[in-house]
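The values are calculated or read from the model by the stated rules, or taken from the named source; none is laboratory data. The model shown is predicted, which means the values in this text are computed figures rather than measured ones. Note that we place each Cβ from the backbone using ideal geometry, even for glycine, and neighbour counts take in every protein chain shown.
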Amino acid sequence: MRFYFDYQDLAHTFVDGQGEELPGLVAARDAAMRYLAKGIRDHSPSGLIEKISVHARTKDASILTVSATIEVVVGAMPSGKRSFLY
């Protein structure tokens, strides 16, 4: 069965036009989790809190969505001064 994996974050949406041939739903779930992990690893957040998602679908129907929230927390620097990300 052919599954498509669309990626979405606050700044981008990428629609998978090629898809991937997989044996079933468990394989599609595993692939969606791998794509989400890659998205987290390669992601440059545009804000301090951001949600990214991978939507798995067939040509006819949405199957599942996996998502993660990335939160950047800035604390005191070793010098005791606060640091701000701009």
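For segment 1-56, give me each residue that is assigned to a loop (DSSP other than H, G, I, E, B) and either among the charged types (D, E, K, R) or under 19 Å from Val72 (Cβ atoms) (or both).
Our first condition is that a residue be assigned to a loop (DSSP other than H, G, I, E, B); within segment 1-56, this holds for 1, 9-12, 15-19, 22-24, 43-48.
Across segment 1-56, the qualifying residues are Asp9, Leu10, Ala11, His12, Asp16, His43, Ser44, Pro45, Ser46, Gly47, Leu48.
Of the residues Ile63, Ile52, which single one is surrounded by 14 or more Cβ atoms within 10 Å (Cβ to Cβ) and in contact with a Gly (Cβ under 8 Å, 6 or more places away or on another chain)? Outline the logic, then answer.
On the way: Ile63 fails: in contact with a Gly (Cβ under 8 Å, 6 or more places away or on another chain).
Checking each option against the conditions leaves just Ile52.
Using the structure shown, decide if Arg57 is surrounded by 14 or more Cβ atoms within 10 Å (Cβ to Cβ) and basic (Lys, Arg). Full working, then the answer.
Numbers: surrounded by 14 or more Cβ atoms within 10 Å (Cβ to Cβ): yes; basic (Lys, Arg): yes.
It is true that Arg57 is surrounded by 14 or more Cβ atoms within 10 Å (Cβ to Cβ) and basic (Lys, Arg).
May I ask you to list pairs of residues, at least six apart or on different chains, whose Cβ atoms are under 6 Å apart, with the first in segment 38-54 being over 14 Å from Thr13 (Cα atoms) and at pLDDT 85 or above and the second being small (Gly, Ala, Ser) and outside any helix (DSSP H, G or I)?
The qualifying pairs are Ile40/Ala68.
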